[in-house]
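Student: Right, I'll just put the structure down here and ask away after.
Rule-based calculations on the coordinates, nothing more; no lab input. Predicted, not measured: the structure shown is a model, and the values here were computed from it. Cβ atoms come from the backbone with ideal geometry, glycine included; neighbour counts cover every protein chain shown.
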């Protein structure tokens, strides 16, 4: 597409577009990059032009289009951000600087640390104006589409980063087309043999899919017309990667490739529900496959009714029913509202984006909490960029959490004080511990104490950075003496459970080893760090002892085993019996992928009402054992857990 055609397209949705300014930006970028070529041999200007073309598909505003044209100028030419600001204004310069920060590292650290620091700056700038992310997604899409010209090692690195960071971001923003395009481009690079197989198989089924689709659309539209419902209908685009994922889940191959997916657009919300009823009268619905995202929207504001049926010839067919506005959100995500404001109020366009992406502040909280190392990326992927669940308070408020979140994460998401005072919970009216994992649709009631009662070991149980931040903030408010005493108690509790010794019995050489690990010069300072929640007791124990010393039971005479060895560890569980207790214990231990190889129970000599369970676990890591102890202690009727 010629740049004149791109300007014409932008003008179609931006009536007040300054064509001369956009053309001036194009000419400036073209001159700045003169003589530079892409690896594929094209003039460099082809790259920013391709990005602008993508952004016009999503109704991007004038400043965003100009910034996209100029985004590589400060990095790859003699011109600076100051030059961009002088020619095109501060707002454009801020957008350009935000995109550049992700690619250009200026930090005296390792390559990994530079990349992470750059990523943090990118998100901080994006908080001011999230159009930075939109430009970067379009930039990444074009870079991935031309990745075939790169050496294999660079191609794999680019695809891996795209898979881990940019695809989840596109998903959270609700930008469907970019997400599925990036998925297939990464799939082709990272698993080329499977990509080719899936592509070839899809081609074999294409004609049959086309025939069934045309027949289904004809039947549905005729039926809706008879019921006096005006509707538009079309096929939903699927990625080859989505077929691959379904095959990995042991799905029926023919059913997967012959399955159909459609959207139906109707004028009102009321007619969405009417259409759902008509479809179920027309085709037999599949049990448990109805989802109402109109009543309960997704975190990115996506709304639709979903249903799956046995369609024409019994083929698995899914429908998404929505209004025109809902369809815009499905196509463009948060961009669906931007073009309404771009021409008359560009600042409002940016604020609309912020309203829909509260997760950005969570990213910045992670950035503040963690040092410049791999932990930042690990937490980012775990807490923000993975699949989301939607959980309800008793009053019907929706709480958005990452998959794998616990009751305690939920409590802190509702309010800091609810988290601090949490004792246990009721999930769908059934009592549950704070460590219980939640799933979409759960209604959770948190049962609280009168006073705050956080425990540092909660840091082992929560998944979200928000909950970790609030727990650590609570303990940081304590004075030095309290923190030191609390740290000693916590460390000695863990030591007695694992080693049956207290701090005073640990050799001076081992204490020095721990002090060196955490960069302090006294035991008291180390204990204060534990008491403030800055480090966990299990981390200190791991610094003092090797896993062989603890798990092999030879504290002062290390017993070396192979790296993947399993250690048979006998533990003691003191409990008061109740129905379902052993099931809860076994279920908790299984979450850590640990096998139970032996169990025996006897009445406790220590307490007349209690019993003792001796259990043998096959454990691989020391932290694994400590985490099991912490989780078991949360189960109702368990009094104590320790290593035998």
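Student: Translational D (Stokes-Einstein, µm²/s) of segment 195-334 at 25 °C and 0.890 mPa s when Rh comes from the Kirkwood sum over C-alpha pairs?
Tutor: 155
Student: Ok, one more. With every atom except the alpha carbons ignored, what do you get for Rg and Dmax of segment 387-449, in angstroms?
Tutor: Rg then Dmax for segment 387-449, in Å: 10.1, 32.
Student: Could I ask something else about it? For segment 137-215, what relative contact order do you get, as a whole percent, if you take Cα pairs closer than 8 Å and at least 6 residues apart?
Tutor: Relative contact order, segment 137-215: 30 percent.
Student: How much FRET efficiency would the formula 1/(1 + (r/R0)^6) give for residue 20 and residue 177, where r is the Cβ-Cβ distance and R0 is 35 Å, rounded to 0.05?
Tutor: 0.70
Student: I've got another one for you. In nanometres, what is the gap between the two model label sites at residue 493 and residue 221, each 7 Å from Cα along Cα-to-Cβ?
Tutor: Those two pseudo-labels are separated by 6.7 nm.
Student: Full-extension gain between residue 13 and residue 430, please, as 0.36 nm times their residue separation minus the C-alpha to C-alpha distance.
Tutor: 144.8 nm
Student: Could you compute the FRET efficiency for residue 235 and residue 439, with r as their C-beta to C-beta distance and R0 at 41 Å, rounded to 0.05?
Tutor: Calculated transfer efficiency: 0.85.
Student: Give me the number: length gained by fully extending residue 525 to residue 287, i.e. 0.36 nm times residue separation minus the C-alpha to C-alpha distance, one decimal in nm.
Tutor: The span from residue 525 to residue 287 would gain 79.7 nm if fully extended.
Student: Another one. Hey, what did segment 195-334 get for relative contact order, percent, Cα under 8 Å, at least 6 apart?
Tutor: Reported relative contact order: 24 percent.
Student: Based on the mean of other beta carbon atoms within 10 Å per residue, what is the order of 14-25, 47-58, most packed first?
Tutor: With the highest mean Cβ count within 10 Å placed first, the list reads 47-58, 14-25.
Student: Which order do the peptides 325-331, 518-524 come out in when sorted by mean C-beta neighbours inside 10 angstrom, highest first?
Tutor: Top of the packing list down: 325-331, 518-524.
Student: Here is a further query. Return the distance in nm (one decimal) between the two label points of a simple spin-label model at residue 480 and residue 160, each offset 7 Å from Cα along Cα→Cβ.
Tutor: Going by the 7 Å Cα→Cβ label model, 4.5 nm.
Student: Going by average Cβ neighbours within 10 Å, how do the peptides 577-589, 85-97, 420-432 rank, with the highest at the top?
Tutor: 85-97, 420-432, 577-589
Student: At 7 Å along the Cα-to-beta-carbon direction for both residue 423 and residue 254, put a label point, then send me their distance in nm to one decimal.
Tutor: Placing both labels 7 Å beyond Cα along the Cβ direction yields 5.9 nm.
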